[in-house]
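Read the structure below first, then the notes.
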Amino acid sequence: MLTALRSLLFTLVFYVGSLFIVLSALLASWFMLSSVLPIATVWSRYHRWCAHWLLGQRVRVDGELPIGPYLYIIKHESMFETIDILCLFKSPAVGAKRELFDIPIWGRVAQVYGLIPIERTAGASALRTLRAAAKDRIAQGRPICLFPEGTRVPHGEAPPLRAGFAGLYSLLGLPVVPIAIDSGRVSPRGKFLKRSGVITYKVGQIVPVGLDRREAERQVHAAINALNPPSALDQ
(Lines give C-alpha, C1' and ligand atoms only; values in the text may rest on other atoms or scores of the structure.)
Protein backbone atom coordinates (compact mmCIF):
# COMPACT_ATOMS: atom_id res chain seq x y z
CA MET A 1 0.00 0.00 0.00
CA LEU A 2 2.81 2.41 0.89
CA THR A 3 4.53 1.71 -2.44
CA ALA A 4 1.30 2.45 -4.33
CA LEU A 5 0.75 5.72 -2.45
CA ARG A 6 4.34 6.80 -3.01
CA SER A 7 4.11 5.97 -6.70
CA LEU A 8 0.86 7.91 -7.07
CA LEU A 9 2.29 10.94 -5.27
CA PHE A 10 5.44 10.81 -7.41
CA THR A 11 3.39 10.66 -10.61
CA LEU A 12 1.25 13.65 -9.62
CA VAL A 13 4.05 15.84 -8.29
CA PHE A 14 6.67 15.03 -10.90
CA TYR A 15 4.48 15.30 -14.00
CA VAL A 16 2.63 18.43 -12.89
CA GLY A 17 5.94 20.09 -12.03
CA SER A 18 7.44 18.86 -15.31
CA LEU A 19 4.64 20.51 -17.26
CA PHE A 20 5.59 23.92 -15.89
CA ILE A 21 9.31 23.29 -16.42
CA VAL A 22 8.85 22.13 -20.03
CA LEU A 23 6.59 25.11 -20.78
CA SER A 24 9.27 27.39 -19.35
CA ALA A 25 11.84 25.73 -21.60
CA LEU A 26 9.51 26.18 -24.58
CA LEU A 27 9.26 29.91 -23.92
CA ALA A 28 13.01 30.07 -23.51
CA SER A 29 13.49 28.26 -26.83
CA TRP A 30 11.80 31.17 -28.61
CA PHE A 31 13.35 34.07 -26.70
CA MET A 32 16.42 32.97 -24.71
CA LEU A 33 18.03 29.93 -26.31
CA SER A 34 20.94 29.89 -23.88
CA SER A 35 18.60 29.31 -20.93
CA VAL A 36 17.21 26.00 -22.26
CA LEU A 37 20.27 24.05 -21.05
CA PRO A 38 20.07 25.20 -17.41
CA ILE A 39 16.30 24.68 -17.39
CA ALA A 40 16.87 21.08 -18.50
CA THR A 41 19.31 20.65 -15.62
CA VAL A 42 16.70 22.02 -13.21
CA TRP A 43 14.24 19.43 -14.54
CA SER A 44 16.74 16.62 -13.95
CA ARG A 45 17.43 17.78 -10.40
CA TYR A 46 13.70 18.11 -9.77
CA HIS A 47 13.25 14.53 -10.96
CA ARG A 48 15.98 13.27 -8.65
CA TRP A 49 14.45 15.24 -5.75
CA CYS A 50 11.05 13.65 -6.41
CA ALA A 51 12.59 10.18 -6.69
CA HIS A 52 14.49 10.66 -3.43
CA TRP A 53 11.85 12.27 -1.23
CA LEU A 54 8.67 10.76 -2.67
CA LEU A 55 9.84 7.29 -3.71
CA GLY A 56 12.70 6.79 -1.30
CA GLN A 57 15.20 6.16 -4.10
CA ARG A 58 18.82 7.11 -3.55
CA VAL A 59 21.60 7.33 -6.13
CA ARG A 60 25.10 5.90 -5.75
CA VAL A 61 27.98 6.15 -8.22
CA ASP A 62 30.42 3.25 -7.99
CA GLY A 63 33.75 4.29 -9.50
CA GLU A 64 35.31 7.47 -10.81
CA LEU A 65 33.37 9.16 -13.60
CA PRO A 66 35.97 10.65 -15.99
CA ILE A 67 35.10 13.97 -17.59
CA GLY A 68 36.50 14.80 -21.00
CA PRO A 69 36.27 13.85 -24.68
CA TYR A 70 34.67 10.43 -24.20
CA LEU A 71 31.73 8.53 -25.62
CA TYR A 72 29.56 7.56 -22.65
CA ILE A 73 27.63 4.33 -23.21
CA ILE A 74 24.92 3.67 -20.63
CA LYS A 75 22.72 0.70 -19.77
CA HIS A 76 19.02 1.47 -20.24
CA GLU A 77 16.52 -0.11 -17.85
CA SER A 78 14.14 2.70 -16.93
CA MET A 79 13.02 6.22 -17.68
CA PHE A 80 15.04 7.17 -14.59
CA GLU A 81 18.47 7.39 -16.21
CA THR A 82 17.25 9.23 -19.30
CA ILE A 83 16.45 12.19 -17.07
CA ASP A 84 18.96 11.66 -14.27
CA ILE A 85 22.09 11.73 -16.45
CA LEU A 86 21.76 15.52 -16.55
CA CYS A 87 22.72 15.31 -12.87
CA LEU A 88 25.86 13.35 -13.78
CA PHE A 89 27.08 15.44 -16.70
CA LYS A 90 26.98 19.11 -17.64
CA SER A 91 24.52 19.56 -20.53
CA PRO A 92 25.05 16.12 -22.08
CA ALA A 93 23.99 15.55 -25.68
CA VAL A 94 21.96 12.36 -25.49
CA GLY A 95 20.93 10.11 -28.36
CA ALA A 96 17.13 9.77 -28.55
CA LYS A 97 14.85 7.96 -30.96
CA ARG A 98 13.66 10.21 -33.77
CA GLU A 99 9.93 9.83 -33.07
CA LEU A 100 10.31 11.57 -29.70
CA PHE A 101 11.01 14.81 -31.56
CA ASP A 102 7.47 14.69 -32.97
CA ILE A 103 5.88 15.07 -29.52
CA PRO A 104 4.23 18.51 -29.29
CA ILE A 105 6.11 21.02 -27.11
CA TRP A 106 8.60 18.46 -25.83
CA GLY A 107 9.96 17.83 -29.32
CA ARG A 108 10.66 21.52 -29.87
CA VAL A 109 12.49 21.76 -26.54
CA ALA A 110 14.47 18.58 -27.25
CA GLN A 111 15.60 19.97 -30.60
CA VAL A 112 16.73 23.29 -29.14
CA TYR A 113 18.42 21.54 -26.21
CA GLY A 114 20.50 19.55 -28.65
CA LEU A 115 19.41 15.96 -28.19
CA ILE A 116 20.74 13.79 -31.00
CA PRO A 117 17.97 12.19 -33.10
CA ILE A 118 18.51 8.53 -33.95
CA GLU A 119 16.77 6.93 -36.92
CA ARG A 120 16.64 3.24 -36.09
CA THR A 121 15.93 1.94 -39.60
CA ALA A 122 17.72 4.37 -41.93
CA GLY A 123 21.03 2.47 -42.14
CA ALA A 124 24.23 4.21 -43.25
CA SER A 125 22.57 7.59 -43.81
CA ALA A 126 21.36 7.61 -40.21
CA LEU A 127 24.87 6.84 -38.98
CA ARG A 128 26.31 9.73 -40.98
CA THR A 129 23.68 12.08 -39.55
CA LEU A 130 24.37 10.78 -36.05
CA ARG A 131 28.11 11.27 -36.51
CA ALA A 132 27.67 14.84 -37.75
CA ALA A 133 25.39 15.73 -34.84
CA ALA A 134 27.77 14.13 -32.33
CA LYS A 135 30.79 16.00 -33.73
CA ASP A 136 28.85 19.26 -33.52
CA ARG A 137 28.06 18.67 -29.84
CA ILE A 138 31.65 17.65 -29.13
CA ALA A 139 32.82 20.93 -30.67
CA GLN A 140 30.54 22.68 -28.18
CA GLY A 141 32.34 20.89 -25.35
CA ARG A 142 29.35 18.71 -24.48
CA PRO A 143 29.61 15.04 -23.49
CA ILE A 144 27.96 12.47 -25.79
CA CYS A 145 25.76 9.86 -24.10
CA LEU A 146 24.14 6.90 -25.84
CA PHE A 147 21.93 4.01 -24.77
CA PRO A 148 23.24 1.27 -27.09
CA GLU A 149 20.41 -1.22 -26.49
CA GLY A 150 17.99 1.13 -28.24
CA THR A 151 15.18 0.75 -25.74
CA ARG A 152 14.56 0.05 -22.06
CA VAL A 153 15.58 -3.46 -21.03
CA PRO A 154 14.19 -5.31 -17.99
CA HIS A 155 16.73 -5.72 -15.20
CA GLY A 156 18.63 -8.96 -15.64
CA GLU A 157 18.46 -9.03 -19.44
CA ALA A 158 21.50 -8.39 -21.63
CA PRO A 159 20.54 -8.06 -25.29
CA PRO A 160 23.26 -7.44 -27.90
CA LEU A 161 24.25 -3.86 -28.66
CA ARG A 162 22.67 -2.20 -31.66
CA ALA A 163 24.88 -1.82 -34.71
CA GLY A 164 25.01 1.97 -34.39
CA PHE A 165 27.37 1.79 -31.42
CA ALA A 166 30.20 0.14 -33.35
CA GLY A 167 29.82 2.55 -36.25
CA LEU A 168 29.89 5.61 -34.01
CA TYR A 169 32.81 4.22 -31.99
CA SER A 170 34.81 3.84 -35.19
CA LEU A 171 33.79 7.16 -36.77
CA LEU A 172 34.22 9.41 -33.73
CA GLY A 173 37.53 7.98 -32.59
CA LEU A 174 36.73 8.55 -28.91
CA PRO A 175 37.48 6.25 -25.98
CA VAL A 176 34.35 4.80 -24.42
CA VAL A 177 33.21 5.04 -20.81
CA PRO A 178 30.67 2.23 -20.23
CA ILE A 179 28.24 2.72 -17.36
CA ALA A 180 25.98 0.08 -15.84
CA ILE A 181 22.82 0.94 -13.92
CA ASP A 182 20.26 -1.17 -12.04
CA SER A 183 17.32 1.26 -12.07
CA GLY A 184 15.01 -1.46 -13.39
CA ARG A 185 15.05 -3.17 -9.99
CA VAL A 186 13.09 -0.35 -8.36
CA SER A 187 11.53 1.45 -11.36
CA PRO A 188 10.78 -1.33 -13.85
CA ARG A 189 9.84 -0.52 -17.42
CA GLY A 190 6.13 -0.03 -18.02
CA LYS A 191 5.20 -0.44 -14.35
CA PHE A 192 3.32 2.17 -12.35
CA LEU A 193 4.65 0.97 -9.00
CA LYS A 194 8.13 2.20 -8.14
CA ARG A 195 9.92 0.90 -5.07
CA SER A 196 12.36 2.51 -2.67
CA GLY A 197 16.00 1.50 -2.75
CA VAL A 198 19.45 2.43 -4.01
CA ILE A 199 20.01 2.97 -7.74
CA THR A 200 23.64 2.34 -8.60
CA TYR A 201 25.69 3.62 -11.50
CA LYS A 202 28.79 1.47 -11.96
CA VAL A 203 31.52 3.09 -14.07
CA GLY A 204 33.39 0.51 -16.11
CA GLN A 205 36.96 0.50 -17.34
CA ILE A 206 37.61 2.85 -20.27
CA VAL A 207 37.51 1.12 -23.64
CA PRO A 208 40.37 2.56 -25.72
CA VAL A 209 40.19 3.76 -29.30
CA GLY A 210 41.17 1.45 -32.14
CA LEU A 211 39.81 -1.93 -31.05
CA ASP A 212 38.12 -4.06 -33.66
CA ARG A 213 34.33 -4.06 -33.63
CA ARG A 214 33.80 -7.39 -31.89
CA GLU A 215 36.26 -6.67 -29.09
CA ALA A 216 34.89 -3.16 -28.46
CA GLU A 217 31.34 -4.52 -28.33
CA ARG A 218 32.40 -7.37 -26.03
CA GLN A 219 34.03 -5.04 -23.52
CA VAL A 220 31.20 -2.51 -23.54
CA HIS A 221 28.51 -5.20 -23.34
CA ALA A 222 30.16 -6.80 -20.32
CA ALA A 223 30.68 -3.47 -18.56
CA ILE A 224 27.15 -2.09 -18.95
CA ASN A 225 25.72 -5.37 -17.66
CA ALA A 226 28.03 -5.53 -14.64
CA LEU A 227 25.13 -4.98 -12.23
CA ASN A 228 23.02 -7.76 -13.73
CA PRO A 229 22.93 -11.29 -12.31
CA PRO A 230 25.91 -13.30 -13.69
CA SER A 231 23.62 -15.47 -15.82
CA ALA A 232 22.48 -12.42 -17.85
CA LEU A 233 25.73 -12.35 -19.82
CA ASP A 234 25.11 -15.90 -21.00
CA GLN A 235 21.97 -14.89 -22.91
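The values are calculated or read from the model by the stated rules, or taken from the named source; none is laboratory data. Not measured: the values here are computed from a predicted model. When we count neighbours, we look across all protein chains shown, and the Cβ atoms used for this are built from the backbone with ideal geometry, even at glycine. Only protein heavy atoms, including side chains, enter the accessible area calculation; ligands, DNA and RNA are left aside. Shrake-Rupley method; radii C 1.70, N 1.55, O 1.52, S 1.80 Å.
Our coupling estimate for segment 210-220, obtained by passing each phi through the Karplus curve with A = 6.51, B = -1.76, C = 1.60 and θ = phi - 60°, is x, 6, 6, 4, 5, 5, 4, 5, 4, 5, 5 Hz, Gly and Pro reported as x. Among the GluC sites (Glu not before Pro) in segment 149-231, those placed in a DSSP loop whose Cβ has at most 15 other Cβ atoms within 10 Å are 157. Near the amide H of residue 197, within less than 5 Å, lie the amide hydrogens of 57, 58, all on another chain or at least 5 residues away, with H placed in the peptide plane. The alpha-carbon of residue 97 sits under 17 angstrom from the alpha-carbons of these lysines, leaving out residues fewer than 8 places away in its chain: 75.
Please calculate how many Å² of accessible area segment 144-203 carries per residue, with a 1.4 Å probe and no DNA, RNA or ligand atoms counted. Ligands and nucleic acids excluded, the result is 37 Å² per residue. Roughly how many whole Å is it from the C-alpha centroid of segment 28-76 to that of segment 213-232? First find each Cα centre; the distance between them is then 24 Å. Computed from the Cβ-Cβ distance with R0 of 45 Å, the FRET efficiency linking residue 97 to residue 53 stands at 0.90. Note that segment 188-203 has calculated 3J(HN,Hα) couplings of x, 4, x, 10, 6, 6, 10, 9, 6, x, 9, 9, 10, 9, 10, 7 Hz, one per residue in order, obtained from phi through the Karplus relation 6.51 cos²θ - 1.76 cosθ + 1.60 (θ = phi - 60°); glycine and proline are x.
For residue 116, nonlocal amide neighbours, meaning residues 5 or more places apart or on other chains whose placed amide H falls under 5 Å from its own, are 94, 95, 96. Model label sites at residue 136 and residue 111, defined 7 Å from Cα along the beta-carbon direction, differ in position by 1.1 nm. Sorted on the mean count of surrounding Cβ atoms within 10 Å across their residues, most packed first, peptides 89-96, 3-10 read 89-96, 3-10. In terms of packing, defined here as the mean over residues of other Cβ atoms within 10 angstrom, the peptides 101-111, 59-69 line up highest first as 101-111, 59-69.
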